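*Asks:* Starting off with a structure, shown below.
The values are calculated or read from the model by the stated rules, or taken from the named source; none is laboratory data. Owing to the predicted nature of the structure, the values given are computational and were not obtained by experimental measurement. Here the Cβ positions follow ideal geometry from the backbone for every residue, glycine too, while neighbour counts run over all protein chains shown.
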Amino acid sequence: MTVVELPVKSEAKGQGSGRSGLVAALDIGSTKISCIIGEVVSQNRRTADGKEASALRILGFGCQASRGTRHGAIVDLDQAERAIRLAVDSAERMAKRTITSVYVNVAGGKPQSNAYAATVETETGQVTARDVEMATRAALAQGHQSGRRTLHTAPAQFHLDAARGIASPLGMFGKLLTAEVNVVSAEPLALRNLALVIERCHLTVADYVVAPYAASRAVLAEDEMKLGVTLIDMGGATTGVAGFHDDQLVFAHVIPVGGMHITHDIARGLSTTIAHAERMKTLFGSAMATVLDDRETVAVPLLGERGVDTIYHAPKSMLTGIIRPRLEEILEMVRERLDQASFARLAGSRVVLTGGGSELTGVREIAAQWLNRQVRLGAPLPIAGMPEAARSPAFATAMGLLNYALKPDVHHAAAVTREALQAKQAGYLRRVGRWIADSF
């Protein structure tokens, strides 16, 4: 059995995933770095499965302009460390608590999603837990890729003989059981750089979460994840895509194009500074043209010039003409990824847009045209103690990381590793016993 290696440090795993105490989320983005500290509190009741119900209460929040990052990856350790320290320090001062571990989003390292399937023959003709386990383990073993680190593993669906699309085959009668699983992986060097810069801030990594999956934990409704939905997280330098069906992650991908590319297009097209281009995009930008765009103008200071005479007025239609082509390019790349993904068809015809880029006027309408799906805008669901600034779609990833900390995924790969080691040890003991019997 192939062992699937996990990128999470074992000593940090228990610190951030507890059902009580402090949890912290660190969103390392290309435009901002956010830290949110929360406290897991008991609700004094039991859930349907008999477990104690818990909820989050936000204690601290900190945000700094991002430095030392590009396309979701660390490119300057010193600059990134300084920005992370400032964000964490701000959150700790507000919470009046000190944290030791954080949940971190992964947008760099070329995250990708792959589907794998494996078929086993049922032992008794009726599907048992062991049959499901063996089929899932066999599929996960195929997901081990040289030079990649596994982030998430999720069983998407099962097939039993001719019956397809079975969510839970346990107890059903059949001969051949097929498990289809989705494995999300990333390049290990990007994760090592993330861990290194976080360790330089005297913190450890509780777990890595791919960025669009983290955002989905904050903005998607339970029924959406069950019936099928595609989430598009429009960040500063990346656009994340995640598909869900029957409460399972069936697809995840990160495209290295985002809202900052629109800002740079405006700066080049209007010969102005990046800061002013961002301001114009935020205040006056739109992806939808109107009949008044040729009459309305926006003030544009020329790059490198000084004085009142260096400011000219450009028609708003020129700004829209720069924004829309880049936005359509991003949506076209998203559509291509969805068409190529084998599991994406399970995500249905509903799309949720989130992230800072989704706040641009007209994005929803353009996305509905290009993707030919129902589209809504998603903002983080309210949490006790949630500051007003964190209610924006721009903080969906950070809030989702905190929700993930409350209820982390079960790492199927960890179970495969543990069981493989146990089987190896048992095989060694059997061989020793056989040698003793034969010799004496």
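*Asks:* Of all residues in segment 229-265, count the ones that are at positive phi and part of a strand (DSSP E or B). Quick ask: steps written out before the conclusion?
*Replies:* Step one: list which residues in segment 229-265 are at positive phi, which gives 246-247.
Checking the rest, the ones that are also part of a strand (DSSP E or B) come to none.
The number of residues fulfilling the criteria is 0.
*Asks:* Further question: If you take the residues in segment 276-295 that are in a helix (DSSP H, G or I) and among the hydrophobic types (A, V, I, L, M, F, W, C), which one is surrounded by the fewest Cβ atoms within 10 Å (Cβ to Cβ)?
*Replies:* So the first thing to find is which residues in segment 276-295 are in a helix (DSSP H, G or I), and the list is 276-284.
With among the hydrophobic types (A, V, I, L, M, F, W, C) added as a condition, the list becomes 277, 280, 283-284.
Working: Ala277: 26, Met280: 23, Leu283: 8, Phe284: 16.
Only one residue fits best here, namely Leu283.
*Asks:* Return the only residue of Gln112, Gln157, Gln145 being of a type outside the set (A, V, I, L, M), farther than 30 Å from Leu26 by Cβ and modelled with pLDDT under 90.
*Replies:* On the way: Gln112 fails: farther than 30 Å from Leu26 by Cβ; Gln145 fails: farther than 30 Å from Leu26 by Cβ.
Sole residue among the options that is of a type outside the set (A, V, I, L, M), farther than 30 Å from Leu26 by Cβ and modelled with pLDDT under 90: Gln157.
*Asks:* For the condition within 24 Å of the chain's Cα centre (by Cα), within 25 Å of Lys226 (Cα to Cα) and assigned to a helix (DSSP H, G or I), what is the one hit in Thr136, Thr153?
*Replies:* Thr136
*Asks:* Of the residues Arg337, Arg326, only one is among the charged types (D, E, K, R) and under 21 Å from Phe244 (Cα atoms); which? First the steps, then the outcome.
*Replies:* Values: Arg326 fails: under 21 Å from Phe244 (Cα atoms).
From the options Arg337, Arg326, the qualifying one is Arg337.
*Asks:* Restricting to segment 60-79, name every residue that is without any contact (Cβ under 8 Å) to a residue 40 or more places away in the chain and outside any loop (DSSP other than H, G, I, E, B). Let's see the steps before the verdict.
*Replies:* Here is the first cut: in segment 60-79, the residues without any contact (Cβ under 8 Å) to a residue 40 or more places away in the chain are 60, 62, 64-65, 67, 75-76, 78-79.
Gly60, Gly62, Gln64, Ala65, Asp78, Gln79, listed by residue number.
Per-residue answers, yes or no, for (1) touching an Asp or Glu at 6+ places or on another chain (Cβ under 6 Å); (2) over 30 Å from Ala368 (Cα atoms); (3) modelled with pLDDT of 90 or more; (4) part of a helix (DSSP H, G or I):
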{"site": "Leu189", "(1), (2), (3), (4)": "no, yes, yes, yes"}
{"site": "Leu196", "(1), (2), (3), (4)": "no, yes, yes, yes"}
{"site": "Ala206", "(1), (2), (3), (4)": "no, yes, yes, no"}
{"site": "Ala215", "(1), (2), (3), (4)": "yes, no, yes, yes"}
{"site": "Ala218", "(1), (2), (3), (4)": "no, no, yes, yes"}
{"site": "Ala267", "(1), (2), (3), (4)": "no, no, yes, yes"}
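*Asks:* On the given criteria, is Arg295 more than 22 Å from Gly236 (Cα to Cα) and either over 21 Å from the mean Cα position of the chain (by Cα) or not assigned by TED's automatic domain parsing to the domain that holds Met234 (or both)? So that I can check it myself, show each step before the final result.
*Replies:* On the way: more than 22 Å from Gly236 (Cα to Cα): yes; either over 21 Å from the mean Cα position of the chain (by Cα) or not assigned by TED's automatic domain parsing to the domain that holds Met234 (or both): yes.
Yes, satisfied.
*Asks:* Consider segment 109-147. How many of its residues are closer than 19 Å to Leu249 by Cα and not hydrophobic (A, V, I, L, M, F, W, C)?
*Replies:* So the count comes out to 12.
*Asks:* Here is a list of conditions, (1) touching a residue at least 60 places away in the same chain (Cβ under 8 Å); (2) polar (S, T, N, Q); (3) farther than 20 Å from Met399 by Cα; (4) surrounded by fewer than 19 Cβ atoms within 10 Å (Cβ to Cβ), and Gln126 meets all of them except one; can you say which number that is?
*Replies:* Condition not satisfied by Gln126: (1).
*Asks:* Is there a residue in segment 259-273 that is crowded, with 19+ Cβ neighbours inside 10 Å, hydroxyl-bearing (Ser, Thr, Tyr) and more than 15 Å from the chain's Cα centre (by Cα)?
*Replies:* Yes: segment 259-273 contains one or more residues that are crowded, with 19+ Cβ neighbours inside 10 Å, hydroxyl-bearing (Ser, Thr, Tyr) and more than 15 Å from the chain's Cα centre (by Cα).
Every residue, every condition in (1) farther than 30 Å from Arg67 by Cβ; (2) in contact with a strand residue (DSSP E or B) (Cβ under 7 Å, 6 or more places away or on another chain); (3) not assigned by TED's automatic domain parsing to the domain that holds Ile58, yes or no:
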site: Thr98; (1), (2), (3): no, no, no
site: Tyr103; (1), (2), (3): no, yes, no
site: Val106; (1), (2), (3): no, yes, no
site: Ala117; (1), (2), (3): yes, yes, yes
site: Gly125; (1), (2), (3): yes, yes, yes
site: Ser146; (1), (2), (3): yes, no, yes
site: Ala179; (1), (2), (3): yes, yes, yes
site: Leu196; (1), (2), (3): no, no, no
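*Asks:* Regarding Arg82, is this residue touching a Leu at 6+ places or on another chain (Cβ under 7 Å) and in contact (Cβ under 8 Å) with a residue 12 or more places away in the chain? Write out each step before concluding.
*Replies:* Working: touching a Leu at 6+ places or on another chain (Cβ under 7 Å): no; in contact (Cβ under 8 Å) with a residue 12 or more places away in the chain: yes.
When the stated conditions are applied, Arg82 does not pass them.
*Asks:* In segment 97-123, which residue that is surrounded by fewer than 24 Cβ atoms within 10 Å (Cβ to Cβ) and among the polar types (S, T, N, Q) is farthest from Leu189 (Cα to Cα)?
*Replies:* Thr122
*Asks:* Taking segment 95-108 only, how many residues are free of Cβ contacts under 8 Å to residues at least 40 places away in the same chain and on the phi < 0 side of the Ramachandran plot? Quick ask: steps written out before the conclusion?
*Replies:* The first filter runs over segment 95-108 and keeps only residues free of Cβ contacts under 8 Å to residues at least 40 places away in the same chain, leaving 96, 98.
Next, from what is left, pick out any that are on the phi < 0 side of the Ramachandran plot: 98.
Matching residues across segment 95-108 total 1.
*Asks:* Would you confirm whether or not segment 156-172 contains a residue that is part of a loop (DSSP other than H, G, I, E, B), closer than 27 Å to Gly21 by Cβ and in contact (Cβ under 8 Å) with a residue 60 or more places away in the chain?
*Replies:* Step one: of segment 156-172, the residues part of a loop (DSSP other than H, G, I, E, B) are 161-162, 167-172.
Restricting the remaining residues to those that are closer than 27 Å to Gly21 by Cβ gives none.
No, segment 156-172 contains no residue that is part of a loop (DSSP other than H, G, I, E, B), closer than 27 Å to Gly21 by Cβ and in contact (Cβ under 8 Å) with a residue 60 or more places away in the chain.
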